[in-house]
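Report on the structure given below.
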Amino acid sequence: MPDDSIFIKFIDEQLSLPLPLAEEIVENFEYVKIQKNDFLLINGTICNKYMFIHKGFMRSYIVNENGKEITTNFFSKCQQAFEPASFFNRSFSAENIQAVTECCGWTVDFQKMETYFHTNAGYREFGRRLLVKSMVDLKERMFLLQTETAENKYMLLLKHHPDLLQNVPLKQIASYLGITDTSLSRIRNITMKK
């Protein structure tokens, strides 16, 4: 089992919870490996797992009425992979969450987390802050999709997640950016010449 310090640091720094509480929370998670192409969540089911990724890449996606996969998010090292609305509301998810590469990380199921919420105020605060962080991330992504040009979206992705390009198929990246494969190829050619 790897050193838990990366997960403890995330809870301490990103969720602003005290270090002793972060250590206590991490003790209740299980370290798991998910094989490439396996699913953390399948659409039409309720999200029962929260995962903090230690290694690897996952993506969430929906399938539109024409059967086309549309990537809605990517998850990588030091990020949380779960579908917050389904997880907390116990509702059926429209999304899939799938490993793009082999992934390792810490997971906890809903029932275990729910038990912790009822027995420990620190866990309730952990859950609240997870939900708030997810909402902020979603709002930022919505603004990005609505306000940035395709080239700027690609440049921001390169800046903040350069490792995605080496590990994720370009078709999935194009879908995530809301552009066609052809547009992504054109943008990549333009940016390489700069």
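The values are calculated or read from the model by the stated rules, or taken from the named source; none is laboratory data. Keep in mind the model is a prediction, meaning the values are calculated, not measured. Neighbour counts are summed over all protein chains in view; Cβ atoms, including those assigned to glycine, are modelled from backbone coordinates with ideal geometry. In case anyone asks, the SASA skips ligands and DNA or RNA and just uses the protein heavy atoms, side chains included. Shrake-Rupley method; radii C 1.70, N 1.55, O 1.52, S 1.80 Å.
Looking across segment 84-108, just one residue is within 13 Å of S134 (Cβ to Cβ) and exposed (fewer than 15 other Cβ atoms within 10 Å of the Cβ), and that is N89. Tallying residues that are within 21 Å of I25 (Cα to Cα) and either open to solvent by 100 Å² or more (accessible area, probe 1.4 Å) or of a type in the set (S, T, Y) (or both) within segment 114-151 yields 8.
Checking each residue of segment 14-34 against the condition of being out of contact with any helix residue (DSSP H, G or I) (no Cβ under 8 Å at 6 or more places or on another chain), among the β-branched types (V, I, T) and open to solvent by less than 30 Å² (accessible area, probe 1.4 Å) gives at least one match. Please determine, by comparing only the residues of segment 42-51 that are surrounded by fewer than 23 Cβ atoms within 10 Å (Cβ to Cβ) and part of a strand (DSSP E or B), which one is nearest to the chain's Cα centre (by Cα). Only one residue fits best here, namely K49.
For segment 52-67, give me each residue that is open to solvent by 70 Å² or more (accessible area, probe 1.4 Å) and without any contact (Cβ under 8 Å) to a residue 12 or more places away in the chain. Break it down stepwise before answering.
Here is the first cut: in segment 52-67, the ones open to solvent by 70 Å² or more (accessible area, probe 1.4 Å) are 55, 63, 65-66.
Within segment 52-67, E65, N66 qualify.
Residue check, F10 against (1) over 16 Å from the mean Cα position of the chain (by Cα); (2) assigned to a helix (DSSP H, G or I), all met but one. Which one? It is condition (1) that F10 fails. Would you mind finding the one in I42, I53, I46, I25 that is within 21 Å of E83 (Cβ to Cβ), among the aliphatic types (A, V, I, L, M) and touching a Leu at 6+ places or on another chain (Cβ under 8 Å)? After ruling out the rest, the residue left standing is I25.
Within segment 180-192, can one find any residue that is within 22 Å of Q98 (Cα to Cα) and either surrounded by 15 or more Cβ atoms within 10 Å (Cβ to Cβ) or of a type in the set (D, E, K, R) (or both)? Within segment 180-192 (the criterion being within 22 Å of Q98 (Cα to Cα) and either surrounded by 15 or more Cβ atoms within 10 Å (Cβ to Cβ) or of a type in the set (D, E, K, R) (or both)), the answer is yes, since at least one residue qualifies.
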